[in-house]
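Notes follow the structure.
The values are calculated or read from the model by the stated rules, or taken from the named source; none is laboratory data. This structure is a prediction, so every number in the text was calculated from the model and none was measured. FYI the Cβ positions are ideal-geometry reconstructions off the backbone, even for glycines, and counts take in every protein chain you see. Note: accessible area is taken over every heavy atom of the protein model, side chains too, but ligands, DNA and RNA are not part of it. Shrake-Rupley method; radii C 1.70, N 1.55, O 1.52, S 1.80 Å.
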Amino acid sequence: MEHTARLELDGQSHDLPVVEGTEHELAIDISKLRSETGYITLDDGYGNTGSCKSAITFIDGDKGILRYRGIPIEEIAGRSSFMETAWLIIFGKLPTVEDRERFRQLLTDNSMMHQSMRKHFDGFPPNAPPMAILSAMINTLSMHEPPLDMEDESQLEEAAARLLSKVRTIAAAAYKSSVGEPMVYPRYDYKYAQNFLHMMFSVPYREYEPKAEVVKALNLFLVLHADHEQNCSTSTVRMVASSKANMYASCAAGVCALWGPLHGGANVAVVEMLQEIKESGMNVSEYVAKVKDKEAKQKLMGFGHRVYRNFDPRSKILKKAADDMLEAMHIDDPLLDIARELEEAALSDDYFIERKLYPNVDFYSGVILRAMGLPLNMFTVMFAIGRMPGWIANWKEVHDDPKGRIYRPRQVYVGNPQTEWKPREER
Ligand code: ACO
């Protein structure tokens, strides 16, 4: 029997189809609601709205489950590199040995920026936020790219490799330009994460040699950020993609959406918070009391998530990685101790328990990025590099949908009723 939901409205009943996903999540299909009833739905912040059907990532927030293309994050993390994960997310299956080799070659062959792009960096003011540079330069990249024939999968693979590879070069160049150092060319013999660290930290008179644990932790960080279904930035990418905008424009919009402190900017906010606690001499319980006080208008950064209401599986993996990496590098970071204490205090506090607030991926990622030597203003850029496969995959999904329509939500207007225009002297 067809599963439907019955809606009683103005004395009439309407049967709305129920759609079931692979993992049995249920959704009421309201796509004909307005044409049949004249009503729309209202859902501030989209907390109850499925904006699309997607086959990329599955999250069960109550159970703390995250899977890319069906594979649990715990099985991917530490086993697949970021580039293998990217291919899985974009193309839907684990790459074969041949796929890996072809993709690796494409990444290497496309790692340099067009020489003329370097000039753009001179036009940005000193201290320009690297997220602004990243977004602007991804758009600039689109001007250097050939048009893409979506029917040809090999063209898409090459375009995805170009964007993934060049984004890393742009990010490192943005950093170099912000600190007044010459840009460093990518190396042919380095893999993705190592090449990024090389372009970030090598200088003409001294080659940077990253420790194996740093490369490992960076790969893990990127893998854990690679996709997260319909979050703010990915929804933005899909929104822009629905107008048939190109991959670069859509992903540049994703960077802008990620920039905010309630989204990707939270990893910066967490470290600033930990620093504030350390420098103010405030103890952790005083800080917890402050974030519970609504008058203080201060949240415990790195805590809470719209979807995860049990635990964020990524934060568990990152917490362990932070411990391992700092131990292997013999780093004693007082901020990590404060983070541990804060987590413990919050997890045993009724305010956080009742509201189901747990550490999210940003809670420990800042500690890891600090230990790698990355400056605070690059943290959200690191998140953007990590999220690129998810944005590309979602852009592709929108473009591949034969029934795809432009995204165009409605609203409930609450402004002035019809109002008369007045000449200036009568206002
Ligand atoms: N600290 C203190 N209180 C919090 C926090 C927090 N971090 N997060 C939520 N709350 C409280 C809210 O004030 C609200 O309290 P109330 O019911 O008494 O009014 C309740 O918990 C429910 O919170 P919502 O606002 O409904 O949570 P929402 O789903 O809208 O927001 C968000 C989720 C944005 C992540 C929020 O928890 C937050 O601001 N956290 C801090 C910022 C952060 O870490 N962002 C990173 C998110 S993960 C990512 O983007 C990768």
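Quick one: would you say HIS263 is near the ligand (Cβ under 9 Å from one of its atoms), open to solvent by 10 Å² or more (accessible area, probe 1.4 Å), within 25 Å of the chain's Cα centre (by Cα) and under 30 Å from ARG162 (Cβ atoms)?
Details: near the ligand (Cβ under 9 Å from one of its atoms): yes; open to solvent by 10 Å² or more (accessible area, probe 1.4 Å): yes; within 25 Å of the chain's Cα centre (by Cα): yes; under 30 Å from ARG162 (Cβ atoms): yes.
Yes: the conditions hold for HIS263.
Name the residue that is nearest to ASP227 (Cα to Cα), counting only residues in segment 71-86 that are open to solvent by 50 Å² or more (accessible area, probe 1.4 Å) and in contact (Cβ under 8 Å) with a residue 40 or more places away in the chain. Give the derivation first.
Taking segment 71-86 and keeping what is open to solvent by 50 Å² or more (accessible area, probe 1.4 Å), we get 74-75, 78-79.
Next, from what is left, pick out any that are in contact (Cβ under 8 Å) with a residue 40 or more places away in the chain: 74, 78.
Details: GLU74: 14, GLY78: 16 Å.
Among those that are open to solvent by 50 Å² or more (accessible area, probe 1.4 Å) and in contact (Cβ under 8 Å) with a residue 40 or more places away in the chain, it is GLU74.
Which residue, of ALA245, ALA249, ALA241, is without any contact (Cβ under 8 Å) to a residue 60 or more places away in the chain, surrounded by 15 or more Cβ atoms within 10 Å (Cβ to Cβ) and hydrophobic (A, V, I, L, M, F, W, C)?
Numbers: ALA249 fails: without any contact (Cβ under 8 Å) to a residue 60 or more places away in the chain; ALA241 fails: without any contact (Cβ under 8 Å) to a residue 60 or more places away in the chain.
Answer to the check: ALA245.
With the condition kept exactly as written, say whether any residue in segment 111-133 is at negative phi, of a type in the set (Val, Ile, Thr), modelled with pLDDT under 95 and assigned by TED's automatic domain parsing to the domain that holds HIS228. So that I can check it myself, show each step before the final result.
Taking segment 111-133 first, the residues at negative phi are 111-126, 128-133.
Next, from what is left, pick out any that are of a type in the set (Val, Ile, Thr): 133.
Filter once more, so that each one left must be modelled with pLDDT under 95: 133.
Of the ones still in play, those that are also assigned by TED's automatic domain parsing to the domain that holds HIS228 are 133.
Within segment 111-133 (the criterion being at negative phi, of a type in the set (Val, Ile, Thr), modelled with pLDDT under 95 and assigned by TED's automatic domain parsing to the domain that holds HIS228), the answer is yes, since at least one residue qualifies.
Has segment 235-243 got at least one residue that is modelled with pLDDT of 95 or more and assigned to a loop (DSSP other than H, G, I, E, B)?
First pass over segment 235-243, keeping only residues modelled with pLDDT of 95 or more: 235-243.
Adding the requirement that they be assigned to a loop (DSSP other than H, G, I, E, B) leaves 242-243.
Scanning segment 235-243, I find at least one residue that is modelled with pLDDT of 95 or more and assigned to a loop (DSSP other than H, G, I, E, B), so the answer is yes.
Report, by residue number, each residue of segment 225-237 that is open to solvent by less than 10 Å² (accessible area, probe 1.4 Å) and away from the ligand (no atom under 11 Å from the Cβ).
ALA226, ASP227, VAL237 - these are the residues of segment 225-237 that are open to solvent by less than 10 Å² (accessible area, probe 1.4 Å) and away from the ligand (no atom under 11 Å from the Cβ).
Which residues, counting only those in segment 311-342, are open to solvent by 40 Å² or more (accessible area, probe 1.4 Å) and β-branched (Val, Ile, Thr)?
ILE331 - this is the single residue of segment 311-342 that is open to solvent by 40 Å² or more (accessible area, probe 1.4 Å) and β-branched (Val, Ile, Thr).
Within segment 80-94, can one find any residue that is farther than 27 Å from ASP400 by Cα and more than 19 Å from the chain's Cα centre (by Cα)? First the steps, then the outcome.
If we filter segment 80-94 for residues that are farther than 27 Å from ASP400 by Cα, which is where we start, we get none.
The answer is no, given that none of the residues of segment 80-94 is farther than 27 Å from ASP400 by Cα and more than 19 Å from the chain's Cα centre (by Cα).
Going through GLU276, GLU207 one at a time, which residue ends up being more than 16 Å from the ligand (Cβ to nearest atom), surrounded by fewer than 21 Cβ atoms within 10 Å (Cβ to Cβ) and of a type in the set (D, E, K, R)? Please lay out each step first, then the result.
Values: GLU276 fails: more than 16 Å from the ligand (Cβ to nearest atom).
GLU207 is the lone residue from the list that is more than 16 Å from the ligand (Cβ to nearest atom), surrounded by fewer than 21 Cβ atoms within 10 Å (Cβ to Cβ) and of a type in the set (D, E, K, R).
Take the residues in segment 49-70 that are among the aliphatic types (A, V, I, L, M) and surrounded by 15 or more Cβ atoms within 10 Å (Cβ to Cβ); name whichever of them is nearest to GLY404 (Cα to Cα). Let's see the steps before the verdict.
Restricting attention to segment 49-70, the residues satisfying the condition of being among the aliphatic types (A, V, I, L, M) are 55-56, 59, 65-66.
Next, from what is left, pick out any that are surrounded by 15 or more Cβ atoms within 10 Å (Cβ to Cβ): 56, 59, 65-66.
Values: ILE56: 17, ILE59: 23, ILE65: 28, LEU66: 26 Å.
Among residues in segment 49-70 that are among the aliphatic types (A, V, I, L, M) and surrounded by 15 or more Cβ atoms within 10 Å (Cβ to Cβ), the one nearest to GLY404 (Cα to Cα) is ILE56.
Go through the residues of segment 39-47 one by one and say whether even a single one is assigned to a loop (DSSP other than H, G, I, E, B) and under 19 Å from ASP227 (Cα atoms).
yes
Looking only at segment 281-310, how many residues end up being under 21 Å from ASP333 (Cβ atoms), away from the ligand (no atom under 12 Å from the Cβ) and open to solvent by less than 70 Å² (accessible area, probe 1.4 Å)?
Of the residues in that region, 3 qualify.
Among the residues of segment 343-390, count how many are within 12 Å of the ligand (Cβ to nearest atom), buried (at least 21 other Cβ atoms within 10 Å of the Cβ) and in a loop (DSSP other than H, G, I, E, B).
Result for segment 343-390: 3.
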